[in-house]
Amino acid sequence: MALTPTPLPNTFIFEGKQPRIYTRNLSPGKTFFDQEFLITDNGVEYRELDPRHSKLGAALARGCQQFGIKEGDTILYLGASHGYTPSFVSDMVGKDGIVFCLDVAPRVVRDLMFVCEVRENMIPLLADASNPESFAWRVTAVDAVFQDIAQRNQVGIFLKNVDLYLKQGGFGMLAVKARSIDVLRYPKEIFKDIKKELEGIPGIVIVDYRELDPFEKDHAFFVVKKK
């Protein structure tokens, strides 16, 4: 089986008629989600990342080349939900990395905790990302901020967390859901406005941008670097 490395650490693509994304499994033999499949190649176990259920996977499938995630990094993941994509980020950063997994909904954080109990590099946080000072007692400075929050003010939430927690030289990844911002406007217009807003922030540079159709309808993915 030919697995080709991707720009993300411990992440590979199987080049076939339907290319598939895999991460090296940090917890061999364990699965957590219905849409999760395992394969073994040369004695190493991998998990399949479905881009239809992950904005990060969709960005990779759409050709994103810069993410800023490295093995051993500390990541702040905003909008962790049940933990599907955060568990793959856990694979990417490896056993020496840390993923702070934050969500505001108690119901999903309960499910998230079952994943974190198996994966020691994942730390669950029940908190509101729109108030980043409220969890400063728990979160350290991070190498990357990833946000997947479907709220009208999602860009403002992202920028507040980047300002407070992201190290100089670190990367921020913003998954934008256009319909959560304005259901009456064309998504491309919203993405254009967000691009202009991000470009106007001192010390922030956009290093990659992808629209996520057909994997995630009316979504876009921005990657920025903090200078």
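Rule-based calculations on the coordinates, nothing more; no lab input. Keep in mind the model is a prediction, meaning the values are calculated, not measured. Using ideal geometry, Cβ is built from the backbone for each residue, glycine included, and neighbour counts are taken over all protein chains shown.
Pick out, in residue order, every one of the trypsin sites (Lys or Arg not before Pro) in segment 82-113 that is DSSP loop and has at most 15 other C-beta atoms within 10 Å; say none if there are none.
On the way: sites: Lys95, Arg107, Arg110; in loops: Lys95.
For trypsin sites (Lys or Arg not before Pro) across segment 82-113 that sit outside H, G, I, E and B with at most 15 neighbouring Cβ atoms in 10 Å, the list reads Lys95.
Starting from the Cα-Cα distance between Trp137 and Glu199, subtract it from 0.36 nm times their residue separation and give me the gain in nm to one decimal. Don't skip to the end; give the middle numbers.
Working: separation 62, 0.36 × 62 = 22.32 nm, distance 3.05 nm.
Working it through step by step, the gained length comes to 19.3 nm.
Please compute the modelled spin-label separation between Leu184 and Asp96, points set 7 Å along Cα→Cβ, answer in nm with one decimal.
5.3 nm
Determine by what factor the alpha-carbon radius of gyration of the chain differs from 2.2 N^0.38 Å, reporting the quotient.
Details: Rg = 16.7 Å, N = 227, 2.2 N^0.38 = 17.3 Å.
That works out to 0.96 for the chain.
Within 10 Å, count the other beta carbons around each residue, average over each peptide in 100-106, 205-211, and list them highest first. Please report the intermediate quantities before stating the final value.
Values: 100-106: 20.6, 205-211: 17.0.
Peptide ranking by packing, descending: 100-106, 205-211.
Only Lys, Arg, Asp and Glu count, each charged at its Cβ (+1, +1, -1, -1), so figure out the dipole size of segment 77-210 about its Cα centre, rounded to 20 debye. Before the final figure, lay out the partial values.
Details: 16 positive and 17 negative charges, 78 e Å.
For this selection, approximately 380 debye.
Among Ile149, Leu184, Cys116, pick out the residue whose Cα is farthest towards the positive end of the charge dipole of the chain, where Lys and Arg carry +1 and Asp and Glu carry -1 on C-beta, about the Cα centre.
Of the listed residues, the answer is Leu184.
Looking at the chain, send over the antiparallel percent of its DSSP beta bridges, to the nearest 5. Intermediate values should be presented prior to the final figure.
Values: 29 of 48 bridges.
So the antiparallel bridges amount to about 60 percent of the total.
Got a sec? Charge dipole of segment 55-226, +1 on Cβ for Lys and Arg, -1 for Asp and Glu; which of Ile201, Gly169, Gly57 is way out at the positive end?
Looking along the dipole axis, the top candidate is Ile201.
Just how large is the dipole of segment 6-98 about the Cα centre, in debye to the nearest 20, putting +1 at every Lys and Arg Cβ and -1 at every Asp and Glu Cβ? Mind dumping the intermediate values first?
On the way: 10 positive and 11 negative charges, 45 e Å.
Charge dipole, segment 6-98, about its Cα centre: 220 debye, nearest 20.
Which aspartates and glutamates, on any chain, are close to Lys70 with Cα under 16 Å apart, when same-chain ones fewer than 8 places away are left out?
Asp91, Asp96, Asp143
Assuming 0.692 mPa s and 37 °C, estimate D for segment 107-219 with Stokes-Einstein, Rh taken as the Kirkwood radius over Cα pairs, in µm²/s. If you can, show how the numbers build up before the last one.
Details: Rh = 15.7 Å.
Using the Kirkwood radius from Cα pairs, D works out to 210 µm²/s.
Pull out a ≥ b ≥ c, the square roots of the eigenvalues of the alpha-carbon gyration tensor of segment 3-49, then state rounded if a/c is under 1.5, prolate if not and a/b is larger than b/c, and oblate in the remaining case. Don't skip to the end; give the middle numbers.
Values: a/c = 1.63, a/b = 1.35, b/c = 1.21.
Prolate is the answer for segment 3-49, as a/c is 1.5 or above and a/b outweighs b/c.
If I fit a long axis through the Cα atoms of helix 187-199 and take the longest principal axis of the Cα atoms of the chain, what angle between them do I get, 0 to 90°, rounded to 10?
80 degrees
Against the longest alpha carbon principal axis of the chain, how many degrees, from 0 to 90 and to the nearest 10, is the axis of helix 106-118 turned?
40 degrees
Taking only Cα atoms, what is the 0 to 90° angle, nearest 10, from helix 84-93's long axis to the longest principal axis of the chain?
Helix 84-93 sits roughly 80 degrees off the main axis of the chain.
Counting Lys and Arg as +1 and Asp and Glu as -1, each charge on the Cβ, what is the dipole of segment 152-227 about the Cα centre in debye, to the nearest 20?
On the way: 15 positive and 11 negative charges, 39 e Å.
Rounded to the nearest 20 debye, it is 180 debye.
Distance cut-off 26 Å, Cα to Cα: go down the list Lys195/Lys217; Lys167/Lys217; Lys30/Lys226 and report the pairs above it. Mind showing how you got there, number by number?
Details: Lys195/Lys217 18 Å; Lys167/Lys217 31 Å; Lys30/Lys226 36 Å.
Where the Cα-Cα span goes over 26 Å, the pairs concerned are Lys167/Lys217; Lys30/Lys226.
Which residue fluctuates the most in the chain, going by a Gaussian network model with Cα springs under 10 Å, if the choices are Gln168, Gln18, Gln147?
Result: Gln18 has the largest fluctuation of those listed.
Specify the inter-centroid distance of segment 107-136 and segment 91-106, based on alpha-carbon positions, in whole Å.
Cα centroid of segment 107-136 versus Cα centroid of segment 91-106: 8 Å apart.
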